[in-house]
Amino acid sequence: MRHYYSAQEIRDAEAPLLAALPDGALMRRAAYGLATVVAEELSRRAGVVAGRSVCALVGSGDNGGDALWALTFLRRRGVAVSAILLNPERVHHAGLTALRKVGGRVVSAVPADTDLVLDGVVGISGTGPLRPGAAEIAEQISAEGIPVIAVDIPSGVDVHTGAVDGPAFRAAVTVTFGGYKPVHALGDCGEVRLIDIGLDLPASTLRELDAHDVAVAWPIPGPSDDKYTQGVTGVLAGSSTYPGAAVLCTGAAVAATSGMVRYAGTAAAEVVSHWPEAIATQTEEASGRVQAWVIGPGYGTAERQTRTLRRVLSGGLPVLVDADALTILAEHPDLTELVASRTAATVLTPHAGEFARLAGAPPGPDRVGAARSLAARLNATVLLKGNVTVIAQPDGTAYLNRAHGSWAATAGSGDVLAGVIGALLAAGIPADRAAAMGAYVHARAAAAAAADPGPGKAPISASRLLGHLRWAIAEIG
């Protein structure tokens, strides 16, 4: 599991080390790791390290000091190094002295033969876009195609939200120290490399599951299990207008676990024709034994659907509310009050537009904060869809899931995700874990569908994504 830390949490963890170590030792430790990554990049790109050229843009904070010390270490490996001092009066003097001692140059512009640029303009305390001088240099570097290695964060990108509000560096690689920050998942940081500098960091409230986390928690039938003990997923989805939503959602629940899926709705015939293993009926009120509900994909928003949503939310089972059911929820304050009062798990899976209707405002640049706020207000797990999906709990705990692409941004993809998470809820997985695990496998299935058949990648449909779900589940095991 990967943990993400705020700037203050990193500073708090650094404080005991700074007090215990000789002055400047922690910075040099970080800079040595940075120099190692730069050398690896030079070797990968040019085949050699010695004789290459690196220029650093040096700001006034510790990141500028990291960059200067990294240049010093690189110079000792035969790299030609130079530095542009954006604020000479506030430069890190020990780093600058060390650089000059090994023959590094202070320049006013990026040398023509530069192979890599180090972005040491601002660190995790910086806010806002690049100032004009740095912005002009960033534009020049981008125009000339010189790769950038960012120190801790790409300058101009918000460390907490990953948002960009003006000129910013675009990094090929970002080297960070001690622990990951939210920007490393939420922002455009290129490849992120973590340098261990000896911080003693606790578990954080912002996390990301990896393949191992998902594999060990995915429900596997035991020798005494039957179809009921593995979880029965109830699906209330689809309509005469959108029968495909029912087919996709039910099919995803069938693929996700080995229990049973009960479909109830007007698309029963279409569901059975695609998934004969599903138990399907057109009568929603007498759907039989169920251990979790999925309601909403392609469902409609009329009075009948509103009554059914109220009935399901009034029960004591886990419920995933998606698509049209989210619209109903947003239009009926009494239903949002019902959600907030539930003791069983409720998972809400809005995209940005649905989130705005539920919350009264768009999520904005701070998607984690927005999801946490709505989760706390509604006492529910909120899965805010996006290229980086945010899963927030009422207590402020949140998971991120990076899709590493937008292949899943296709019609019907959300119906598949709802079915997967609903099946995990029925199997007894806690709501936040079920949502995070479902998002992880969903993204893996989308990437696999885009790459099959290779080489290269091609656009996918939700049906192709669904067809790769079993592969994605097996592949993480």
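In this structure the amide hydrogen of Thr174, modeled in the peptide plane, comes within under 5 Å of the amide hydrogens of Ala150, Glu191, Val192, Arg193, none closer than 5 places in sequence on its chain.
Would you please give the FRET efficiency between Arg377 and Ala25, computed as 1/(1 + (r/R0)^6) with r the Cβ-Cβ distance and R0 = 51 Å, to the nearest 0.05? Intermediate results must be reported in sequence, preceding the final value.
Details: r = 46 Å, r/R0 = 0.90.
Taking R0 as 51 Å, the efficiency between Arg377 and Ala25 is 0.65.
Within the shell of other residues whose beta carbon sits under 11 angstrom from the beta carbon of Tyr242, the net charge comes to -3, with Lys and Arg scored +1 and Asp and Glu -1.
May I ask which residue of Trp293, Ala398, Ala356 lies farthest towards the positive end of the charge dipole of the range 211-476, with charges of +1 (Lys, Arg) and -1 (Asp, Glu) on Cβ and the Cα centre as origin? Comparing the listed Cα positions along the dipole, Ala398 ranks first. Protein-only accessible surface at a 1.4 angstrom probe places the residues Trp471, Trp275, Trp218 in the order Trp471, Trp275, Trp218, largest first. Model label points for Thr127 and Ala109, set 7 angstrom from Cα along the Cα-to-Cβ axis, are 3.5 nm apart. With the cut-off at under 18 Å, measuring from each backbone N in the range 448-474 to a point 7 Å along the Cα-to-Cβ line of His404 picks out 448-460, 465, 468-474. Quick one: angle between helix 303-314 and the longest Cα principal axis of the chain, in degrees between 0 and 90, rounded to 10, please. Around 70 degrees separate the two axes. Counted residue by residue at 0.36 nm each, then reduced by the alpha carbon distance between them, the extension gain from Arg289 to Ala302 reaches 2.1 nm.
Dividing the Cα radius of gyration of the range 387-426 by its Kirkwood radius returns 1.02 for Rg/Rh.
Taking Cα centre as origin and charging only the Cβ of basic (Lys, Arg, +1) and acidic (Asp, Glu, -1) residues, the dipole magnitude of the range 90-165 rounds to 520 debye.
Rolling a 1.4 Å probe over the protein heavy atoms gives the range 1-77 an accessible area of 44 Å² per residue. Dipole size of the range 211-476 about its Cα centre, with +1 on Lys/Arg Cβ and -1 on Asp/Glu Cβ: approximately 240 debye, rounded to the nearest 20. Using the Cβ-Cβ distance between Asn87 and Ala458 with R0 set to 45 Å, the FRET efficiency works out to roughly 0.40. I need the trypsin sites (Lys or Arg not before Pro) found in the range 262-317, filtered to DSSP loop residues with at most 15 other beta carbons within 10 Å of theirs. Listed in order of number, the matching sites are Arg289.
Of interest is the spacing of the C-alpha centroids, which for the range 1-61 and the range 89-129 amounts to 13 Å. Cα to Cα, under 28 Å, and not fewer than 8 places away if on the same chain: which lysines meet these conditions relative to Lys385? By straight Cα distance, Lys385 reaches Lys181, Lys457.
Carbon and sulfur: what percent of the chain's accessible surface (1.4 Å probe)?
Numbers: 10110 of 19410 Å².
Reported share for carbon and sulfur atoms: 52 percent.
For the range 2-204, a crude dipole built from +1 on the beta carbon of Lys and Arg and -1 on the beta carbon of Asp and Glu, taken about the Cα centre, is about 700 debye to the nearest 20.
Please grab the % of Cα pairs in the chain that end up more than 34 Å from each other. Of all Cα-Cα distances in the chain, 43 percent exceed 34 Å. May I ask for the net charge around Leu329, where only other residues with Cβ less than 13 Å from the Cβ of Leu329 are counted and Lys, Arg are +1 while Asp, Glu are -1? So the environment of Leu329 carries a net charge of -2. With both labels modelled 7 Å from their Cα along Cα-to-Cβ, the Ala215 to Arg100 distance reads 5.4 nm.
The values are calculated or read from the model by the stated rules, or taken from the named source; none is laboratory data. Predicted, not measured: the structure shown is a model, and the values here were computed from it. Glycine also receives a Cβ, built like all others from the backbone with ideal geometry; neighbour counts cover every protein chain displayed. Ligands, DNA and RNA are stripped out before the accessible areas are found, and what is left, the full protein with its side chains, is counted by its heavy atoms. Shrake-Rupley method; radii C 1.70, N 1.55, O 1.52, S 1.80 Å.
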